[in-house]
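Asks: Before we start, here is the structure in question, set down as structure tokens.
Any read-out appearing in this document is the output of simple, stated calculations on the displayed coordinates, not a laboratory observation. Everything numeric here is computed off the predicted structure, so don't read it as measured data. Reconstructed Cβ throughout: ideal geometry from the backbone, glycine too, with neighbour counts over all protein chains shown.
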Amino acid sequence: MSAVPGNGLAAFPRRVLPLLGLAAASPARAALPVPRANLLAFRIMRNGSAIGRHELRFETRGDGLLVRINVEIAVGIGPITLFRYTHRATESWTGDRVTAFQAETNDDGERTTIAMRAEGEALRVDSSKAGRYLAPAGATPATHWNRHMLDNPFINTQTGEVMRPAIRPAETAPLPWNGARTARRYVMTGDADLESWYDATPAWVGLRFRGRDGSTIQYEVT
């Protein structure tokens, strides 16, 4: 566990955490970057110390795809946990569209739920925080495993808000934790302040952002 200044919450901006758990926009089905082993896993690091894990498991069902998402974060001093975050979600695709999404989040004791279901060309959102509404056409749950998520607005899966960050044109850059490997880096500002990396396939291979206390939080693909 890593020591955290103050009460342990400062390292994790609440508008960023929900982006760590969650889906994709709607490219053609054949282009979806499903890993060969049907598993995508990351170590979550804070200032060089491991504080959690993020896993996505993929199940192909005919022309459909089910993605099961699990995020676990715990920060503390020795045996004392100061901050805990868990996220459980499932995302369903039929052909080239996200058709359903459900998630439960425990953000250090604050529990939220959200459900989404396809309605026409959009998603009907039912959030315990944001209420019920029809999302803009093309908006999708906020996850990172599919790079095409960045082509549209995305939905914060904890608060239910629609997010439209500014995204800088991608550039090829070394991965911060593996300088021998390069990937395409996308820098987001505004609604979401973070950097996300994709390889040539384009599989998701990393994520980095700053905590409120200035600590560096990053995902390292395993």
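Asks: Would you work out if the stretch 75-222 is rounded, prolate or oblate? Take a ≥ b ≥ c from the square roots of the eigenvalues of the alpha-carbon gyration tensor; rounded if a/c is under 1.5, else prolate when a/b is larger than b/c, oblate otherwise. Mind showing how you got there, number by number?
Replies: On the way: a/c = 1.92, a/b = 1.16, b/c = 1.65.
Note, shape of the stretch 75-222 comes out oblate.
Asks: Only sites in a loop by DSSP and with at most 15 other Cβ atoms within 10 Å count here; which trypsin sites (Lys or Arg not before Pro) in the stretch 121-222 make the cut? Don't skip to the end; give the middle numbers.
Replies: On the way: sites: ARG124, LYS129, ARG132, ARG147, ARG181, ARG184, ARG185, ARG208, ARG210, ARG212; in loops: LYS129, ARG212.
Passing sites in the stretch 121-222 are LYS129, ARG212.
Asks: Just check the stretch 78-132 against the gyration tensor rule for me: Cα atoms, a ≥ b ≥ c as the square roots of the eigenvalues, rounded for a/c under 1.5, and otherwise prolate or oblate depending on whether a/b exceeds b/c. The partial results should precede the final answer.
Replies: Working: a/c = 5.64, a/b = 2.19, b/c = 2.58.
Oblate is the answer for the stretch 78-132, as a/c is 1.5 or above yet b/c matches or exceeds a/b.
Asks: Also: Within a 10 angstrom radius of the beta carbon, how do THR90, THR189 rank from fewest other beta carbons to most?
Replies: On the way: THR90 15, THR189 11.
Ordered by Cβ neighbours within 10 Å, fewest first: THR189, THR90.
Asks: Oh, and also: Set the Förster radius R0 to 22 Å, insert the Cβ-Cβ distance between GLU119 and ARG88 as r into 1/(1 + (r/R0)^6), and round the FRET efficiency to 0.05. If you can, show how the numbers build up before the last one.
Replies: On the way: r = 24 Å, r/R0 = 1.08.
FRET efficiency, GLU119 to ARG88: 0.40.
Asks: If you average the alpha carbon positions of the stretch 175-190 and of the stretch 87-163, how far apart do those two centres end up, in angstrom?
Replies: Taking the Cα centre of each part, the stretch 175-190 and the stretch 87-163 sit 25 Å apart.
Asks: Next question. Along the charge dipole of the chain, Cβ charges K/R +1 and D/E -1, which of ALA139, ALA118, ALA74 sits furthest on the positive end?
Replies: Positive-most Cα among the choices belongs to ALA74.
Asks: Quickly work out the TYR133-to-LEU39 label distance, labels modelled 7 Å from Cα along the C-beta direction, and quote it in nm with one decimal.
Replies: 3.9
Asks: Go ahead and run the numbers for FRET between ASP151 and ASP213, Cβ-Cβ distance against an R0 of 30 Å, rounding to 0.05. Don't skip to the answer; put the middle values down first.
Replies: Numbers: r = 32 Å, r/R0 = 1.08.
Efficiency at R0 = 30 Å is approximately 0.40.
Asks: Excluding GLU195 itself, what net charge comes from residues whose Cβ is under 12 Å from its Cβ, given Lys and Arg +1 and Asp and Glu -1?
Replies: Numbers: positive: ARG168, ARG184, ARG185, ARG208, ARG210; negative: GLU171, ASP193.
That sum, taken over residues with Cβ under 12 Å, equals +3.
Asks: Now a separate question. Can you put ILE80, ILE155, ILE69 in order, fewest other beta carbons within 10 Å first?
Replies: Neighbour counts put them in this order, fewest first: ILE80, ILE69, ILE155.
Asks: Okay, next question. When the helices in the chain are scored as -39500 (n - 2.57) per DSSP H run of 4 or longer and the sum is shared across all residues, what 222 nm value do you end up with, to the nearest 500 deg cm²/dmol?
Replies: Working: 1 runs with 5 residues, N = 222.
Only helices count here, giving -500 deg cm²/dmol.
Asks: Could you line up TRP204, TRP145, TRP177 from fewest to most neighbouring Cβ atoms inside 10 Å? Show your work: numbers first, answer last.
Replies: Details: TRP204 25, TRP145 22, TRP177 15.
If I rank by nearby Cβ atoms, fewest first, I get TRP177, TRP145, TRP204.
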